[in-house]
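A quick write-up on the structure given underneath.
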């Protein structure tokens, strides 16, 4: 079997919710052995809020975000189970966590302790606002971070419209966490030492999505305003209704030549001859008028038909796809994008991988694991401990992330 890019790398995933587990899943998809540590008194949010009949093992979001991982249940405040964790650190390369700063130190498992156990260990701490600064102890979720990172200041249809969530935070921050881990891994290959990475998810979000706007503000004082579906330079650009119910297409006209082609397609030579619309600047000034003409044309056509006509005319365009559209899309099907796990779940089709390599790529081995499914394998086979050391799961004492908040010292 072809070796995967991250074969022989072992990762401990202490993450909860989305961002940190997403980072770990990215590594798992490309061959790393990722072991998710689960605290049975407060299960991962993606396992849902119901424990009866093992409902926590049947949650689709968990299957996707934690696919290709193993599950080990540990209470890090228990002396014997903490010992298991420390032994596992000695056999691992990367530890990922997204607790508030100080949580791991209070458990006695901060970077200094992990480095004592394994000098070249890499630890990525993905907190909401970083380990220093006046907001370092603030709680933060995607919606909070998105607002505080400035992103919602630009996600509205126009400057006086209410901001709207785009819900990208956990995904982009997960990618950033994976990039940080891999960067440290490469550095370790060069220098032979480990690394602690202080990753602020708010800073990661603004870095990834607002960089040019922040630079413009610090350089010349400009304060970017939301422009909805429009583009700061190209015109027209927008989202337009089509014939089917709640069906839309998007298009971008990048230059004057494409504008002329659009006018031909619209059968509106008068628009092509209109001097007011001969430049992108002029089209911006009359964008509402142009939008009305495009909408009049698109409303009489099915979205796919209209997009094919636009693409044939050399204009970037595409339909707004629903989940049903995507899962039946011929392009994705012909590229074999959807995958079925090699083990277990043979009925579901999972999203594929974001990129493909010629020699080796990702592999979908399994869906998100059952709770504690690998306790015996890890404790006995990997760590060589006797069977009586395997953590047992007491179904009557399971708790979920939706239970009333209690002792949060482990998360």
Just checking, does region 147-162 include any residue being part of a helix (DSSP H, G or I), touching a helix residue (DSSP H, G or I) at 6+ places or on another chain (Cβ under 9 Å), within 17 Å of residue 125 (Cβ to Cβ) and in contact (Cβ under 8 Å) with a residue 12 or more places away in the chain? no
Taking region 293-324 and keeping only residues that are outside any strand (DSSP E or B), under 14 Å from residue 252 (Cα atoms) and in contact (Cβ under 8 Å) with a residue 60 or more places away in the chain, one is left with 306, 310, 315, 320
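Residue by residue, here is whether (1) in contact (Cβ under 8 Å) with a residue 60 or more places away in the chain; (2) outside the structural domain of residue 38 (by TED's automatic domain parsing); (3) within 25 Å of the chain's Cα centre (by Cα) holds:
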{"residue": "357", "(1), (2), (3)": "yes, no, yes"}
{"residue": "363", "(1), (2), (3)": "yes, no, yes"}
{"residue": "366", "(1), (2), (3)": "yes, no, yes"}
{"residue": "371", "(1), (2), (3)": "yes, no, yes"}
{"residue": "377", "(1), (2), (3)": "yes, no, no"}
{"residue": "387", "(1), (2), (3)": "no, no, no"}
{"residue": "392", "(1), (2), (3)": "no, no, no"}
Of all residues being in contact with a strand residue (DSSP E or B) (Cβ under 7 Å, 6 or more places away or on another chain) and part of a loop (DSSP other than H, G, I, E, B) in region 10-54, which is surrounded by the fewest Cβ atoms within 10 Å (Cβ to Cβ)? Just the residue, please. 40
Looking at (1) on the phi > 0 side of the Ramachandran plot; (2) not in a loop (DSSP other than H, G, I, E, B), which is the one condition that is false for residue 381? (1)
If you scan region 60-76, which residues turn out to be part of a loop (DSSP other than H, G, I, E, B) and either modelled with pLDDT under 95 or on the phi > 0 side of the Ramachandran plot (or both)? 68
When you scan region 79-91, do you find a residue that is crowded, with 18+ Cβ neighbours inside 10 Å, closer than 27 Å to residue 205 by Cβ and in the same structural domain as residue 177 (by TED's automatic domain parsing), even just one? no
Do any helices (runs of 4 or more DSSP H) lying entirely in region 189-292 carry at least 3 residues that are touching a helix residue (DSSP H, G or I) at 6+ places or on another chain (Cβ under 6 Å) and modelled with pLDDT of 95 or more, and which ones are they? 256-266
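The values are calculated or read from the model by the stated rules, or taken from the named source; none is laboratory data. Only a predicted model underlies this, so the values are computations on that prediction, with no experimental measurement involved. Don't worry about glycine lacking a Cβ; one is built from the backbone with ideal geometry, like all the others, and counts go over all protein chains shown.
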